[in-house]
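Accompanying notes for the structure given below.
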Amino acid sequence: MYIPLIHQLPCRHSQINSSPIQDLAQRLTTDILLDKCKYRILLRYRGDEAQQILDCLQVLLDSPTLSGADRAVILKALTRLSVYSGEYPRRFKLRDVETLGNDAVDEGRYGNVWKALVHNQEVCLKVLRTYQRMPTKPLLKMLSHEALLWGQLSHPNILPFYGIYINEVRRNRFGLVSPWMENGNVVNYLKHNPDVSRLPLIHDIASGLQYLHSLNVVHGDIKGNNILVTPNGRACLADFGLSTLLGDNILDWSSLGSEADHGGGTTRWKAPELVFQEAENMDSKPTSASDVYSLACAAYEILTGQIPFFEIKGSEAVILRLFRSREQPSRPTPEKSSKELTDDVWILLECCWTHEPEERPSVGEILERLEGMMTPEQIRSLRNGGDGACGPDSVLSSSAFRQSFKKGDYELSSEEVVKVISMVSV
């Protein structure tokens, strides 16, 4: 069995003493969430009462002592109540967001990326551009649901989520807040740091993806521009699950206006089965196997500095090649790629690019094979740097971000949690 180098880190810590949390969670689960009648009543709460319940559920989810079974039940209740009520936990609501400068740092057809300040901390504000004809309430509900799922994740190679910002003056303007990554995406990072070792970055991406897949979360849009680099040079996945929320590229925040998109959208990174389904006007849903294909395409970018199928102009031509000859990305000459693109690495990429999804390796297998190709120095860098990326012990983590706020801005006391549970137990 493969044992990852970087183990899953504990959940974010709550300000409540964790010792009674398990008892409170079991009481909530047993007395309410497993009682169909009381569960239906809980989902009918609206307004301030729904807000109190959501805050309570989030406090329980933040506890490191919460069991896996209770966590799954409570998370499902939180997401359902959030969708029905249109509310979400206060810890995700950010109001005092100040944009820096007069212009967005990146922009595209669907939105803008701003550098901003929240409580004197630099953050990335990704604002969705909406129009009067767009149904913003349903849009916000969907966005909140995806953001809630993102907010429960905690791993060194997953970009942390800080919260949702809604412009109080223009209610149809809202966006997501995450750490500001000065190094930008991995494509630009490698252009400015050409001597950086590539395989550890690919290992980082695969580690983050393995974590997502272990929770039955599919990323759905892995490519170089959706991979950010932390201050200490580690890679983390961003924007998972959001790219398909509103259609192709509408929430592809990291690559707004990028060269990669101008070179052919996301087709070049997309698994053939998804491309074929879309070409036939069928519903296409990303899977863990399609993520593996895209992971190899991102690795190709990192190792070669080129987008997949760089020699083919236009998405239509790429689709035609996939249909007619089942092509895979071509291997550049040695002088046009990293020395780390060895024969063994190329064989691994080809295994990930097979057109039969069931024949692609799992992410665990990819990690095991990668580590077999890495030098002892690269292995040591993974072991020594794992906690310094985006995990819960990092200065970039959601917990560290919340601790920078005044106590009480978003947390409930244990007495308040008991009060809320008692309220919904009646």
Of Arg44, Arg71, Arg40, which residue is in the same structural domain as Glu416 (by TED's automatic domain parsing), more than 17 Å from Glu415 (Cβ to Cβ), of a type in the set (D, E, K, R) and at pLDDT below 90? Arg71
Six or more apart or on different chains, Cβ under 6 Å: which pairs go from a residue in region 323-334 that's on the phi > 0 side of the Ramachandran plot to one that's modelled with pLDDT of 85 or more and in a loop (DSSP other than H, G, I, E, B)? Could you list them? Arg326/His355
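On the given criteria, is Leu34 at pLDDT below 95 and surrounded by 19 or more Cβ atoms within 10 Å (Cβ to Cβ)? Steps first, answer last, please.
Working: at pLDDT below 95: yes; surrounded by 19 or more Cβ atoms within 10 Å (Cβ to Cβ): no.
The answer is no for Leu34.
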Has region 294-305 got any residue that is surrounded by fewer than 17 Cβ atoms within 10 Å (Cβ to Cβ), out of contact with any Gly (no Cβ under 6 Å at 6 or more places or on another chain), polar (S, T, N, Q) and modelled with pLDDT of 85 or more? no
Does region 179-195 contain at least one residue that is more than 29 Å from Asp343 (Cβ to Cβ), in contact with a Lys or Arg (Cβ under 7 Å, 6 or more places away or on another chain), touching a residue at least 40 places away in the same chain (Cβ under 8 Å) and not basic (Lys, Arg)? yes
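The values are calculated or read from the model by the stated rules, or taken from the named source; none is laboratory data. No experiment lies behind these values; they were computed from the predicted model shown. Positions of Cβ are generated from backbone atoms using ideal geometry, with glycine treated the same way; all protein chains shown enter the neighbour counts.
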